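Worksheet: one structure, shown below.
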């Protein structure tokens, strides 16, 4: 959520950003109104505590003077003040909770470059990279290729686990591992620290990374436990420094996160979302950066460049789109997506589909998680946190199968992945 001090001092900026998002400006007013009530109630608590201290001194004085009637009177007064303090503290806590819940509905302050738009259909294409292959034969989509080459078992997965699950088989398993090792090695060379995360986190940690009201249809809850399955390693990694103050010398903190991811993925249907394109479980290599506020847009460009370089090296054509106001989540100030070209989509006419999302969340997550940096002069402020996919496994596998298929029904292995595939250059039909 936004820093309430910033909202108090720059409500005009916050309102202008919310207007661009198409949000009801009343939410900003409600947050500020509740904040004012909270501050007033907090001041009352401080007044009552001061009164308690004064009465306590009066009790001690009366006892020293052996004025028992006065001491008894003051003790009764002390009990009354204590009850008032308890009542007022409950009010303070309730108002703080209400203020913060309201504040979470206010979006991050948008970067000036974010284009206006009502939904994903109005996202802005920034560039296209790579040449789309023109096939001189009737192509197959990744489901047909996966079944014919014995790389997938979807029917058994559906029986044992349900829709949107899958068994990867044979070379597809190697491809999954190869993609992850390929991404890890490239990020390690760029100075990112490698971390494998827990696959479950509690609500307090999760709420720092996401607004649960936005993600309740996405995230799996563990029954009778204060635990959730992670939808991405971003969630445990942004909570890595929860309630900590970092020294300025520790920044930037650049992390390569490795994890499985679990998502409900409700509501999407049709062949273009079947197979292993839209699934409940997949593996991902993630980029996370903690940095000083003045550096965050520099690291945004670096992280976006890292992801683009991976797809260029894999020789998968892609385009970069900037997410518009109507498609941008509350936590993002700026977001770019990479959409890979997948020839088997759109009735085999091909289509660009999302494979990475690069987000600058500025201090939106660190405010909730209370993660700060102390400057050389001793001042403290919230760090900026950014996230971006490096590579997942399933969607890039879809792109590889469909882009690198041959007339003979085989699939060539991108040169960049061959060292991770035991030198294998082609996936052939099984005898």
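Taken together, the values in this text are just the output of simple stated rules run on the coordinates, not laboratory data. Just so it is clear, the structure is predicted and the values come from calculations on it, not from any experiment. Neighbour counts run over all protein chains shown; Cβ positions are idealised from the backbone, glycine included.
Some notes on this structure:
- Cα pair count fraction exceeding 14 Å, expressed as % - the range 298-386: 71 percent
- Convex hull volume of the range 264-414 per residue (C-alpha atoms, cubic angstrom): 134 Å³
- Per-pair calculated FRET efficiency, R0 = 60 Å: residue 83 and residue 347 via Cβ, rounded to 0.05: 0.25
- Fewest-first ordering of 199, 352, 364 by other beta carbons within 10 Å of each residue's beta carbon gives 199, 352, 364.
- The chain: calculated mean residue ellipticity at 222 nm from DSSP helix runs of at least 4, using -39500 (n - 2.57): -13000 deg cm²/dmol
- All Cα-Cα separations within the chain were binned at 20 Å from zero, giving a P(r) of 22, 47, 21, 8, 2, 0, each value a whole percent of the pairs.
- Virtual paramagnetic centre 7 Å along Cα→Cβ of residue 429, amide N under 12 Å, in the range 327-358: none
- In units of the compact-protein estimate 2.2 N^0.38 Å, the range 358-431 shows a Cα radius of gyration of 1.97.
- The simple spin-label model puts a point 7 Å past each Cα toward its Cβ; for residue 410 and residue 188 those points are separated by 3.1 nm.
- Cα centroids of the range 342-405 and the range 31-107: 46 Å apart.
- R0 of 30 Å, Cβ-Cβ distance residue 217-residue 24: FRET efficiency to nearest 0.05: 0.90
- Over 14 Å [Cα-Cα, the range 292-333], rounded percent: 63 percent
- Taking the chain as a Gaussian network of alpha-carbon nodes connected by springs under 10 Å, the highest mean-square fluctuation of the residues 66, 241, 372 belongs to 66.
- Mean separation of Cα pairs under 8 Å and 6 or more residues apart, divided by the residue count, gives the chain a relative contact order of 20 percent.
- Crossing angle, helix 296-313 versus the chain [Cα axis fit, 0-90 degrees, rounded to tens]: 20 degrees
- Principal-axis analysis of the Cα atoms of the chain puts helix 11-21 at an angle of about 30° to the longest axis.
- Only Cα pairs under 8 Å and 6+ residues apart enter the sum, and on that basis the relative contact order of the range 4-103 stands at 38 percent.
- Global geometry of the range 105-234, whether rounded, prolate or oblate, following the gyration tensor of its Cα atoms and the 1.5 cut on a/c: oblate
- Cβ-Cβ distance of residue 298 and residue 94, R₀ of 30 Å, FRET efficiency by 1/(1 + (r/R0)^6): the value works out to about 0.15.
- Label point 7 Å beyond Cα of residue 165 along Cβ direction - residues of the range 391-408 with amide nitrogen under 18 Å: 394
- Shown here: the range 77-129, whose C-alpha atoms stretch 75, 17, 17 Å along the first, second and third principal axes, sorted largest to smallest.
- Square roots of five times the Cα gyration tensor eigenvalues for the range 137-213, Å: 31, 22, 12
- Stretch gain in nm, segment residue 150-residue 66, where the contour uses 0.36 nm per residue and the Cα spacing is subtracted: 20.8 nm
- Compared with the dominant Cα axis of the chain, that is its longest principal axis, helix 26-64 is turned about 40°.
- Counted residue by residue at 0.36 nm each, then reduced by the alpha carbon distance between them, the extension gain from residue 37 to residue 128 reaches 27.6 nm.
- Computed over the range 4-103, the percent of Cα pairs more than 16 Å apart is 65.
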